[in-house]
Amino acid sequence: MLKNLNLLDNILLPATHLNRGKVSGKELESRARSLMRKTGIEDLSQRSITEVSGGQLQRACICRSISNQPKILFADEPTGALNQTAAQEVMAEFTRLNQEGTTSMAV
């Protein structure tokens with residue numbers, strides 16, 4: 001995560017780089033905002049990474065890691081800094097990704 005970017009731009013950064021014109025910028029942003037909504041941080045999209053809690057930053061990192069719809073997802077304690085509700089939301093998203101074909105490994 002880059003300190004000079006807000007949460008939304010940090011989430012979009014790898015998707016924008018890897019996308020290379022395959023998907024429109026509007027669609028990428030829509031996908032990022034949807035992930036932020038699902039993880040409960042959509043209202044923080046314009047905040048700097050230094051202006052959010054550790055749990056909120058962790059959820060932003062999760063959004064960033066799944067925004068490109070990876071085939072394999074490795075997660076090291078993905079819910080470690082989250083409260084129970086946020087942890088359940090993240091695990092529900094991981095389950096949805098798995099049902100759509102993403103292999104997930106969490107430790």
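Each value in this text was obtained by applying a stated rule to the coordinates, not by laboratory testing. Not measured: the values here are computed from a predicted model. Every residue, glycine as well, gets a Cβ built from its backbone with ideal geometry; the counts of neighbours run over all protein chains shown.
Which one is farthest from the chain's Cα centre (by Cα), of the residues in region 65-87 that are surrounded by 12 or more Cβ atoms within 10 Å (Cβ to Cβ) and without any contact (Cβ under 8 Å) to a residue 12 or more places away in the chain?
The extreme case among them is Ala87.
Could you pull out the residue among Ser34, Ser30, Ser45 that is hydroxyl-bearing (Ser, Thr, Tyr) and in contact with a helix residue (DSSP H, G or I) (Cβ under 8 Å, 6 or more places away or on another chain)?
Working: Ser34 fails: in contact with a helix residue (DSSP H, G or I) (Cβ under 8 Å, 6 or more places away or on another chain); Ser30 fails: in contact with a helix residue (DSSP H, G or I) (Cβ under 8 Å, 6 or more places away or on another chain).
After applying the criteria, what remains is Ser45.
I'm told Arg37 meets every condition in (1) touching a residue at least 12 places away in the same chain (Cβ under 8 Å); (2) under 15 Å from the mean Cα position of the chain (by Cα) except one. Can you identify the failing condition by its number?
Evaluating Arg37 over (1) touching a residue at least 12 places away in the same chain (Cβ under 8 Å); (2) under 15 Å from the mean Cα position of the chain (by Cα) leaves (1) as the failure.
Given (1) farther than 10 Å from Leu7 by Cα; (2) surrounded by fewer than 16 Cβ atoms within 10 Å (Cβ to Cβ); (3) polar (S, T, N, Q), where does Gln46 come up short, assuming only one miss?
(1)
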